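Colleague: Would you mind keeping the following structure in view while I ask a few things?
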Amino acid sequence: MEILILETNIFYTGKAEEVLSDIESNSIDLIVTSPPYDNLRTYKRVVGNNKVEFNGYSFPFEEIVEELYRVLKLGAVVVWVVGDAVIKKSETGTSFRQALHFIDKGFLLHDTMIYEKNGPSFPARRTGNRYSQVFEYMFVFSKKIAPKTANLICDKPNRWAGFTSFGKSSYRNKEGELINRVQKPTPDFSPRFNIWKYNTGKNYSTKDVEAFKHPAIFPEELAEDHILSWSKEGDIVLDPFSGSGTTSKIAYINNRKYIGIDITEEYNEIAKERIKNSKQLTEPNKKTLF
């Protein structure tokens, strides 16, 4: 296998598993991606008339996970955004099977996060039997050890900001003397929770009209929040299912390097155009200033 010299700020057209196999081992700092959803067969079920392969999946999921593990640096992170379809009156459970496979291949499941949408694509009916589906999973995996980079976004206002805790805190030093600890006031903001809510749809997910030529995009803000959380400036961010290039665009704006992979040249051209029309930040991202 010929391993390419790592090239960044580029989009590759091809099958994810094949392009990944040409990327240097231990070279990627962060992966943020959303794979194809639920075009799959599980056990004895078949989806529509689609012929499915790859051990029950319509794309080589297991082979791709192997490559993701290989190309990531120690302590680097994969953010895997995935949801489940309802097929034959049952949710498929694909998200859970995929998460467990990541673990089986050596990844640590660092966090199970939720991407909450502002509204459902198909609202529940009063005569129905299911509540409206408004979330997807954001599985955060790390390679072998806890994430080497973790910049938690601290934008949750504290109710008791500026106050110190009640009572006094003290300890005894080696000489047995009682020492009072200095009490610091509660900061204005704390790290947010792991359920992140975003507005979706045109002018919400992105203002780039051309991006909606792709059938499934996720909000730019979602990509940004993960890129800020799990990488630093100058890091390499990879998306093996690049689509319209949201991950790469946001990586570029926030002064990271990017690699996008998609099987469709048309989508890569859209992604290139979005990058062309973007400007890199010259000041720290406001979300990092809390």
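Colleague: Scan (1) exposed (fewer than 12 other Cβ atoms within 10 Å of the Cβ); (2) modelled with pLDDT of 95 or more for the single condition residue 123 breaks and write down its number.
Modeller: (2)
Colleague: On to the next question. Only residues that are of a type in the set (Val, Ile, Thr) and farther than 17 Å from residue 242 by Cβ: list them for the range 256-290, please.
Modeller: Listed by number, the residues that qualify are 282, 288.
Colleague: A follow-up question, please. Among the residues of the range 178-227, which ones are surrounded by 20 or more Cβ atoms within 10 Å (Cβ to Cβ) and under 12 Å from the mean Cα position of the chain (by Cα)?
Modeller: Once the filter is applied, which keeps residues that are surrounded by 20 or more Cβ atoms within 10 Å (Cβ to Cβ) and under 12 Å from the mean Cα position of the chain (by Cα), the range 178-227 yields 218, 219, 220, 222, 223, 224, 225, 226, 227.
Colleague: For the range 236-252, check the following and say yes or no: at least one residue is assigned to a loop (DSSP other than H, G, I, E, B) and either out of contact with any helix residue (DSSP H, G or I) (no Cβ under 8 Å at 6 or more places or on another chain) or closer than 30 Å to residue 158 by Cα (or both).
Modeller: No, the range 236-252 has no match at all.
Colleague: A further question on this structure: Regarding residue 286, is this residue touching a residue at least 12 places away in the same chain (Cβ under 8 Å) and out of contact with any Cys (no Cβ under 8 Å at 6 or more places or on another chain)?
Modeller: no
Colleague: Further question: Inspect all residues belonging to the range 122-141 and state whether any of them is in contact with a His (Cβ under 7 Å, 6 or more places away or on another chain) and not charged (D, E, K, R).
Modeller: yes
Colleague: The conditions are (1) modelled with pLDDT of 95 or more; (2) more than 22 Å from residue 234 (Cβ to Cβ), and residue 44 fails exactly one of them. Which is it?
Modeller: (1)
Colleague: Quick one: is residue 224 within 27 Å of residue 264 (Cβ to Cβ), assigned by TED's automatic domain parsing to the domain that holds residue 268 and touching an Asp or Glu at 6+ places or on another chain (Cβ under 8 Å)?
Modeller: No, not satisfied.
Colleague: Okay, next question. Touching a strand residue (DSSP E or B) at 6+ places or on another chain (Cβ under 7 Å), closer than 24 Å to residue 227 by Cβ, not in a helix (DSSP H, G or I) and not hydrophobic (A, V, I, L, M, F, W, C) - does that describe any residue in the range 98-111?
Modeller: Yes, there is a match, as at least one residue in the range 98-111 is touching a strand residue (DSSP E or B) at 6+ places or on another chain (Cβ under 7 Å), closer than 24 Å to residue 227 by Cβ, not in a helix (DSSP H, G or I) and not hydrophobic (A, V, I, L, M, F, W, C).
The values are calculated or read from the model by the stated rules, or taken from the named source; none is laboratory data. Predicted, not measured: the structure shown is a model, and the values here were computed from it. Every residue, glycine as well, gets a Cβ built from its backbone with ideal geometry; the counts of neighbours run over all protein chains shown.
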